[in-house]
1. With a Förster radius of 45 Å, plug the Cβ-Cβ distance of Val91 and Glu27 into 1/(1 + (r/R0)^6) and report the FRET value to the nearest 0.05.
2. With a cut-off of 8 Å between alpha carbons and a minimum separation of six or more residues, what is the relative contact order of segment 1-150 in percent?
3. Counting only other residues whose beta carbon sits under 13 Å from that of Cys148, what net charge do I get with K and R as +1, D and E as -1?
4. Test of the criteria: in segment 104-156, which trypsin sites (Lys or Arg not before Pro) are in a DSSP loop and have at most 11 other Cβ atoms within 10 angstrom of their Cβ?
5. Pull out the extension gain between Gln65 and Ala159, defined as 0.36 nm times the separation in residues minus the alpha carbon to alpha carbon distance; nm, one decimal.
6. List the residues of segment 17-32 whose backbone N lies under 17 Å from a point placed 7 Å from the Cα of Gln105 along the Cα-to-Cβ direction.
7. Per residue of the chain, what 222 nm ellipticity follows from adding -39500 (n - 2.57) for every DSSP H run with n ≥ 4, rounded to the nearest 500?
8. Please report the relative contact order for segment 84-153, taking Cα pairs under 8 Å with a sequence separation of at least 6, and give it as a percent rounded to a whole number.
Amino acid sequence: MKQTAIINSEIKARCADQEAVRHHLREHGADFKETEHQIDTYFDVPEGRLKLRQGPIENNLIFYQRADTDGPKQSTINLSPVAPDSTIGEVLTAALGVRVIVDKQREIYFIDNIKFHIDTVKDLGNFVEIEAIDTDGKRNAKELEQQCSYYMRELGIRAIDLVVGSYSDLLEHGNDIQAT
């Protein structure tokens, strides 16, 4: 299986009205891909984040590095598909230990190279994510950030709604990490 390196600009925000986000995406021609129950197992690593994503459709080992800052932030992601019946999770658990497990329902939409997630995360609540993605080297970091910022405005995402870290950070720190 081939490993893929991706660069993106992304935000995560609390979302009080997921139906309004769905409506906006449908009204603007977003391509709805699927709703999926995903389990992300985060492993103890010295830097960055390493997670095993398991779901009925998406199964990947993902390593990413991203600054935990306000607003759109760039991530460097290494992604490797994993067979649904793989035992890699057991091997990684034995070798590294588990940091936290994130259990979520995720709706996935696309508009061009922009990926939208409408998430309901167990023990955390409702969120929306925007990812401006470059998989082919055609977009630079500034353009990706501009795309992400544009959709933040379009969806009415306020600075106070932004989450600085990942769902794993929220679970580890009591659901109180947000932008300042």
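Please treat every number below as a calculation from the coordinates, not as lab data. The structure displayed is predicted, hence computed values, not measured ones. We place every Cβ from the backbone using ideal geometry, glycine too, and count neighbours over all the protein chains shown.
1. On the way: r = 45 Å, r/R0 = 1.01.
Efficiency, rounded to the nearest 0.05: 0.50.
2. On the way: 317 pairs, mean separation 49.7, N = 150.
Rounded, it is 33 percent for segment 1-150.
3. That works out to -2.
4. Details: sites: Lys104, Arg106, Lys115, Lys122, Lys138, Arg139, Lys142, Arg153; in loops: Lys122, Lys138, Arg139.
Sparse-neighbourhood loop trypsin sites (Lys or Arg not before Pro): Lys138.
5. Numbers: separation 94, 0.36 × 94 = 33.84 nm, distance 2.22 nm.
Length gained between Gln65 and Ala159: 31.6 nm.
6. Those under the cut-off are 17-23.
7. Computed ellipticity for the chain at 222 nm equals -6500 deg cm²/dmol.
8. Values: 69 pairs, mean separation 13.7, N = 70.
Across segment 84-153, relative contact order equals 20 percent.
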